Amino acid sequence: MTSGQEFSLPLRVYIEDTDAGGIVYYVNYLKFMERARTEFMRAMGYGKDYIFNNDLMFVVRNVAVEYRAPAKLDDELIATAEITELGGASMTFAQRVLRGDEVLAGGDIRIACVDSTSVKPRRIPRDMVARLSGAE
């Protein structure tokens, strides 16, 4: 199951995002993608209050990212997030970081749902699966 909705988050590159060469340090693309996933979930009605009140945590299980071109200081970027796979206890997001139409980085990030106390895998709540899959 997939949501079929691509979420977009505008970003700007600040000095703290760059390395000594003035380009975005590679790990910061993962931070941009994390922000897009977080804001996507918030827009779907699953902000931190919902997550914490339901004793959930979503943790990164796997990351595969391809870096294509560098972003630089003061660039205006867009980070996207789209669910491409939604399982019982995990979901996979296709994500991109763009400057205009140019894809700077893109990849797939698999997120696992875990119990906040035991940190063991647990099923994603039914209401969340329904909304994220577009069934609601």
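The values are calculated or read from the model by the stated rules, or taken from the named source; none is laboratory data. This one's a predicted model, so the numbers in the text were calculated from it and none came from an experiment. Here the Cβ positions follow ideal geometry from the backbone for every residue, glycine too, while neighbour counts run over all protein chains shown.
Scan the range 1-58 for residues that are surrounded by fewer than 15 Cβ atoms within 10 Å (Cβ to Cβ), assigned to a helix (DSSP H, G or I) and either in contact with a Pro (Cβ under 6 Å, 6 or more places away or on another chain) or small (Gly, Ala, Ser) (or both) and report the count. Selection size over the range 1-58: 1.
Do we find a residue being touching a Gly at 6+ places or on another chain (Cβ under 7 Å) and either over 19 Å from Leu77 (Cβ atoms) or at pLDDT 95 or above (or both) anywhere in the range 4-15?
If we filter the range 4-15 for residues that are touching a Gly at 6+ places or on another chain (Cβ under 7 Å), which is where we start, we get 4.
Now narrow it down to the ones that are either over 19 Å from Leu77 (Cβ atoms) or at pLDDT 95 or above (or both): 4.
So far as the range 4-15 goes, yes, one or more of its residues are touching a Gly at 6+ places or on another chain (Cβ under 7 Å) and either over 19 Å from Leu77 (Cβ atoms) or at pLDDT 95 or above (or both).
Applying a threshold of 9 Å to beta carbon distances and a minimum spacing of six or more residues, or different chains, the list of pairs starting in the range 28-56 at a residue that is in contact (Cβ under 8 Å) with a residue 40 or more places away in the chain and over 15 Å from Ile78 (Cβ atoms) and ending at one that is part of a helix (DSSP H, G or I) and of a type in the set (Ser, Thr, Tyr) reads Leu56/Tyr50. Count of the range 59-68 residues, restricted to those that are assigned to a strand (DSSP E or B) and more than 17 Å from Arg123 (Cα to Cα), is 6.
What residue, among those in the range 69-86 that are touching a residue at least 60 places away in the same chain (Cβ under 8 Å) and assigned to a loop (DSSP other than H, G, I, E, B), is surrounded by the fewest Cβ atoms within 10 Å (Cβ to Cβ)? First the steps, then the outcome.
First, pick out the residues of the range 69-86 that are touching a residue at least 60 places away in the same chain (Cβ under 8 Å): 73-86.
With assigned to a loop (DSSP other than H, G, I, E, B) added as a condition, the list becomes 73-75.
On the way: Leu73: 13, Asp74: 10, Asp75: 17.
Only one residue fits best here, namely Asp74.
If the condition is being closer than 12 Å to Ile51 by Cβ, assigned to a strand (DSSP E or B) and among the aliphatic types (A, V, I, L, M), then the range 112-130 contributes only Val114.
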